[in-house]
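**Q** Got a structure for you, written out below as structure tokens; questions coming shortly.
The values are calculated or read from the model by the stated rules, or taken from the named source; none is laboratory data. Quantities reported herein were computed from a predicted structural model and do not represent experimental measurements. Virtual Cβ from ideal backbone geometry, glycine too; neighbours counted across all protein chains shown. Side chains are part of the model used for accessible areas, which takes the heavy atoms of the whole protein and leaves out ligands, DNA and RNA. Shrake-Rupley method; radii C 1.70, N 1.55, O 1.52, S 1.80 Å.
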Amino acid sequence: MSDEIYDIVIIGSGPGGYVSAIRSSQLGLKTAIIEKNNNLGGTCLNTGCIPSKCLLDSTKYFFLSKKIFKKHGIFFKDLYYDFIKMMDRKDKIINNINNGIKYLMKKNKIDVYKGIGQFKGKNTLSILNESSFIEKKNIKFKNCIISTGSKPLKLDNINFEKRIISSTELLNIKEIPNNLLIIGGGVIGIELGSIFNRLGTKVSIIDNTDTIISNMDISIINEIKKILNKYSIDIYTSLYVKSIINSDDEDNVLLSCKNSFGDIISLKGDYCLVSIGRKPQTKHLDIDKIGIKHDKNGFIIVDNYLKTTVNNIYAIGDVIGGKMLAHKAEEEGLYVVENIIGKKPSLPNYNIIPSIIYSYPEIASVGYTEDEVKRKKIEYNKGIFPMKALGRAISSGCTEGFLKMISNKNTDEILGVHIVGEHASEMIMEAAVAMEFRASSEDIYRICHPHPTFSESFKESALLNFENKSIHI
Ligand SMILES: Cc1cc2nc3c(=O)[nH]c(=O)nc-3n(C[C@H](O)[C@H](O)[C@H](O)COP(=O)(O)OP(=O)(O)OC[C@H]3O[C@@H](n4cnc5c(N)ncnc54)[C@H](O)[C@@H]3O)c2cc1C
């Protein structure tokens with residue numbers, strides 16, 4: 001038994017874990033992190049945000065060169081892509097960022113233990129070998145943060161094998177599918193579908209609900225359907241997948257589905273991506289042994305301080321559910337560490353966590369959707385300003401989309417902002433800052449916005465909200 005006692009030990013080195021570790025060490029706490037994978041960075045760096053954004057950007061440049069640049073008077077003679085180079089670039093980027101995180105661990109004097117973290121007691125963790133499960137070491141802690149993330153959910157326990165794949169396999173695929181069936185019309189399905197659609201794959205998205213991205217604002221849902229349709233991505237809603245079969249002798253996968261009328265519909269593709277959600281990763285932790293409770297889906301239960309049912313053990317990020325996003329995990333980690341040291345930070349504001357879909361154009365959203373304000377019986381105003389009325393959008397040729405602002409009819413406080421448009425992922429922060437400071441739409445209208453920029457759509461929507469007028473429409 002080692003006699004080291006850490007102030008904080010963090011299990012899992014995803015964005016929740018490694019960011020917490022850095023902040024903990026910055027604040028003077030003796031910190032260690034345990035990671036079972038060879039690479040640090042978790043899902044986000046290795047199989048999620050970063051690889052998907054690498055490929056989304058590479059394929060966007062190809063798509064723009066092929067379809068859009070000619071409008072700007074730019075022509076290519078022999079335009080082509082090299083898929084192996086694209087994938088290689090992605091892998092190199094992951095490797096570089098991984099080295100960056102390693103460097104940050106060293107710089108901040110954080111002890112990194114490679115292996116599976118498993119609770120031995122309320123103050124002790126074993127570190128097991130990842131393949132033999134043999135105990136390598138024990139470490140002691142005053143506080144622990146569980147940040148073990150999540151894994152792709154299987155459909156009715158159909159294993160990911162051969163041509164039935166999860167996002168992890170698709171992001172590492174060696175060949176470009178001809179016909180990709182995607183089960184699940186959420187963010188991951190749309191983003192990964194867009195990547196391969198731009199490379200020439202026939203993409204079909206299948207969802208068992210009556211819509212796609214059901215948690216987003218209705219105006220966004222309608223716009224994204226139009227955009228996917230324009231790119232010839234098929235969307236099948238209210239279609240329930242009954243079975244998926246990897247065909248043995250042919251290189252394809254067969255889906256048998258039932259629609260809302262009870263008709264059986266068969267779909268054939270050469271790969272099937274199952275992206276129906278993710279489940280918490282708590283295997284091997286032995287949380288039950290020390291009294292850490294979880295819900296029926298396995299998500300660890302925490303209180304308002306993100307404390308588990310054991311007093312000195314906290315949990316953050318995907319493993320506790322809610323919005324499964326890297327920045328939510330980071331925010332929670334920073335909150336827990338600062339709370340442990342007594343800085344009394346305010347709780348993460350869960351209503352102001354921006355969500356983004358990196359489609360083309362991008363989609364970004366923060367705060368209440370129109371349906372939510374209706375359900376809450378809040379009287380509201382809404383201003384929808386189309387990008388096509390903006391000088392910057394017209395000059396750059398990116399006129400698709402709009403900015404929709406929802407504000408309280410009585411107080412004028414901004415309650416939600418939903419954007420479809422170029423640079424939406426960067427623009428959404430203006431809305432988040434405004435909402436965090438409880439700004440009104442009049443406040444935004446009265447702030448000078450630079451011209452010509454896409455951000456002028458904020459000022460225009462704000463004027464629509466507060467006076468039902470706009471300068472450019
Ligand atoms: C395809 C895809 C694209 C995505 N794109 C985005 C995006 O653009 N923006 C965004 O915000 N989010 C995105 N996400 C979601 C994002 O990746 C997650 O929300 C985020 O990684 C969660 O962080 P985390 O720290 O909770 O867990 P994770 O990143 O999952 O990290 C958990 C870590 O814990 C380790 N671990 C687990 N159990 C143990 C154990 N017992 N012992 C030791 N180590 C253990 C795991 O190996 C892993 O490294 C995407 C996800 C996917 C799949």
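**Q** Quick one: what pairs do we get from region 114-134, first residue near the ligand (Cβ under 9 Å from one of its atoms), second open to solvent by 60 Å² or more (accessible area, probe 1.4 Å) and of a type in the set (Lys, Arg), C-beta under 7 Å, 6+ apart or different chains?
**A** Listed pairs, sorted by first residue: Gly115/Lys36; Gly115/Lys136; Ile116/Lys36; Ile127/Lys136; Ile127/Lys137; Leu128/Lys136; Glu130/Lys36.
**Q** Taking region 161-188 as the region of interest, how many residues are assigned to a loop (DSSP other than H, G, I, E, B) and either aliphatic (A, V, I, L, M) or crowded, with 16+ Cβ neighbours inside 10 Å (or both)? Let's see the steps before the verdict.
**A** We begin by selecting, within region 161-188, every residue assigned to a loop (DSSP other than H, G, I, E, B); these are 162-163, 166, 171-178, 184-186.
Okay, now just the ones that are also either aliphatic (A, V, I, L, M) or crowded, with 16+ Cβ neighbours inside 10 Å (or both), so 163, 166, 171, 173, 176-177, 184-186.
Final tally of qualifying residues: 9.
**Q** All but one of (1) modelled with pLDDT of 95 or more; (2) under 26 Å from Asp248 (Cα atoms) hold for Leu199, so report the exception by its number.
**A** Failing condition for Leu199: (2).
**Q** Let me ask something else about it. Could you figure out which of (1) modelled with pLDDT under 95; (2) assigned to a loop (DSSP other than H, G, I, E, B) isn't true of Ile227?
**A** So the condition that Ile227 fails would be (2).
**Q** For region 54-85, what are the residues that are touching a residue at least 40 places away in the same chain (Cβ under 8 Å) and open to solvent by 90 Å² or more (accessible area, probe 1.4 Å)?
**A** Scanning region 54-85 gives Lys71, His72.
**Q** Condition (residue is aliphatic (A, V, I, L, M) and within 8 Å of the ligand (Cβ to nearest atom)) applied to region 342-349: is it met by at least one residue?
**A** Within region 342-349, not a single residue is aliphatic (A, V, I, L, M) and within 8 Å of the ligand (Cβ to nearest atom).
**Q** Can you give me the number of residues within region 375-396 that are open to solvent by 40 Å² or more (accessible area, probe 1.4 Å) and in a loop (DSSP other than H, G, I, E, B)?
**A** Going through region 375-396 one residue at a time, the tally reaches 4.
**Q** Still on this structure, please answer the following. Would you please name the residue that is farthest from the ligand (Cβ to nearest atom), looking only at residues in region 24-43 that are surrounded by fewer than 24 Cβ atoms within 10 Å (Cβ to Cβ) and under 18 Å from Tyr335 (Cβ atoms)? Outline the logic, then answer.
**A** The first filter runs over region 24-43 and keeps only residues surrounded by fewer than 24 Cβ atoms within 10 Å (Cβ to Cβ), leaving 25-30, 36-39.
From the residues that got through so far, the ones that are under 18 Å from Tyr335 (Cβ atoms) too are 25-29.
On the way: Ser25: 17, Gln26: 18, Leu27: 19, Gly28: 23, Leu29: 19 Å.
The residue in question is Gly28.
**Q** Gly367: in the same structural domain as Gly317 (by TED's automatic domain parsing) and surrounded by 19 or more Cβ atoms within 10 Å (Cβ to Cβ), yes or no?
**A** Spelling it out, it is not the case that Gly367 is in the same structural domain as Gly317 (by TED's automatic domain parsing) and surrounded by 19 or more Cβ atoms within 10 Å (Cβ to Cβ).
**Q** Separate question: Looking only at region 94-128, count how many residues are in contact with a helix residue (DSSP H, G or I) (Cβ under 8 Å, 6 or more places away or on another chain), buried (at least 16 other Cβ atoms within 10 Å of the Cβ) and more than 18 Å from Asn143 (Cα to Cα).
**A** 6
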